[in-house]
Amino acid sequence: MTVQYPVVLGLAVVVALALAAGYWWLQRQRARVFAGAGLNTAGRRDGLRRHLPPVLFLAALTLLLLSVARPEATLPVARSAGTVILAFDVSNSMAATDVAPTRLAAAQAAAIDFTEAQPDSVSVGVVAFDEGALTTQEPSDDHAATVAAIKRLQINGGTSLGQAILASLTVIVGHPVSLPDPDAEEPPADLGYWGNATIVLLSDGEDTGGPDAVAAAQLAAAAGVHIETVGVGTVEGTTVEVDGYRVATALNEELLTEVAKTTTGSYHRAENAEALRDIYQSLDLRLTTQRKPVELTGAAAAIAVLLLTIGGVLMTTWYGRIL
């Protein structure tokens, strides 16, 4: 433990020792006076009652003086940290209105709330995907820029969950990531370990094109990246107009669940805008511990006030007044 004002600490120690010595001297004088009068003050219960409240007052005063010295200790502090990639499905089916006002608009609104709530220690990036995928915002602690990127998202095309995962991994590791050619019997690329990264995949789960989403999730799992999937829509589904045709669309929970479980992540169903906001509050983001200086002034002052209160209560209970 250290203090910001060592001189004040020295003064606090001197004052505390002086008060303790003064109290001891007064008690010795008191004992001599009573002994001279032929009175015995050595009773154990009376001694406890006599000494405990003043000792509490002395301890409280010492703590108050110590708090003025601004003590601090280096402690492990838990915090959210790392990289979060928000991967948005912007395919035509996300224009469906079974989640008001639309699936995409509800996902955007909740994602903005989530982004604005993150501390500076969390870098948030945005990937938009349909049949392909595009990084619209590199991970950054500039959360205002991330919010602006989320607001720019537009509906377009089909859906490829595999491309979304690969594009998100590309952003995380800093170089292009692709699945190995199965015919070439190549081992998966070593992406390193990125245990502080999380992909939040927001989609209705209707995968209309390759690459294989589960294989891409296995690649993420090998790199230590968690994928949290958020199903936006309803199982009953609805219809959406695409190029003048009415097309049925419904939530595909099986694929989204399998993708999440592959990386030891979780699947979350969001059938309305409020549920979507609640999901963001419960996402399993990475927590790390960092040793950092923590000021103990408030704690010392609070304990001192507590000791003063206890001493005062004991005084008034035992003697009817504060001596």
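The values are calculated or read from the model by the stated rules, or taken from the named source; none is laboratory data. Because the structure is a prediction, the values reported are computed rather than measured. Every residue, glycine as well, gets a Cβ built from its backbone with ideal geometry; the counts of neighbours run over all protein chains shown.
The table below gives the values:
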{"item": "Test result for Val99, in contact with a helix residue (DSSP H, G or I) (Cβ under 7 Å, 6 or more places away or on another chain) and under 22 Å from Thr198 (Cα atoms)", "result": "no"}
{"item": "Residue identified as within 21 Å of Val200 (Cα to Cα) and touching a Pro at 6+ places or on another chain (Cβ under 6 Å) among Gly157, Gly125", "result": "Gly125"}
{"item": "Subset of the stretch 223-259 that is farther than 25 Å from Asn156 by Cβ and in contact with a strand residue (DSSP E or B) (Cβ under 7 Å, 6 or more places away or on another chain) - its residue that is surrounded by the fewest Cβ atoms within 10 Å (Cβ to Cβ)", "result": "Thr257"}
{"item": "Subset of the stretch 155-176 that is over 11 Å from Asp89 (Cβ atoms) and β-branched (Val, Ile, Thr) - its residue that is surrounded by the fewest Cβ atoms within 10 Å (Cβ to Cβ)", "result": "Val173"}
{"item": "Leu179 being aliphatic (A, V, I, L, M) and surrounded by 23 or more Cβ atoms within 10 Å (Cβ to Cβ)", "result": "no"}
{"item": "Within the stretch 108-225, helices (runs of 4 or more DSSP H) holding 3 or more residues that are in contact (Cβ under 8 Å) with a residue 60 or more places away in the chain", "result": "161-173"}
{"item": "Restricting the stretch 197-221 to residues that are polar (S, T, N, Q) and surrounded by fewer than 24 Cβ atoms within 10 Å (Cβ to Cβ), the residue that is farthest from Arg103 (Cα to Cα)", "result": "Gln218"}
{"item": "Count of residues meeting criterion [surrounded by 11 or more Cβ atoms within 10 Å (Cβ to Cβ), of a type in the set (Gly, Ala, Ser) and at pLDDT below 80] in the stretch 5-58", "result": "4"}
{"item": "Any hit, the stretch 268-285, residues being modelled with pLDDT of 85 or more and either surrounded by 15 or more Cβ atoms within 10 Å (Cβ to Cβ) or in contact with a Lys or Arg (Cβ under 7 Å, 6 or more places away or on another chain) (or both)", "result": "yes"}
{"item": "Criterion (of a type in the set (D, E, K, R), surrounded by 22 or more Cβ atoms within 10 Å (Cβ to Cβ) and touching a Ser or Thr at 6+ places or on another chain (Cβ under 9 Å)) met by exactly one of Asp141, Asp130", "result": "Asp130"}
{"item": "Residue list for the stretch 259-287, restricted to those being touching a helix residue (DSSP H, G or I) at 6+ places or on another chain (Cβ under 6 Å) and assigned to a helix (DSSP H, G or I)", "result": "Val259, Thr262, Ala273, Leu276, Arg277, Tyr280"}
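Conditions tested, residue by residue: (1) within 27 Å of Thr208 (Cα to Cα); (2) in contact with a helix residue (DSSP H, G or I) (Cβ under 8 Å, 6 or more places away or on another chain).
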| site | (1), (2) |
| --- | --- |
| Ala106 | yes, yes |
| Ala111 | yes, yes |
| Ser121 | no, no |
| Leu134 | yes, yes |
| Gln137 | yes, yes |
| Val147 | no, yes |
| Gln154 | yes, no |
| Gly157 | yes, yes |
| Gly162 | yes, yes |
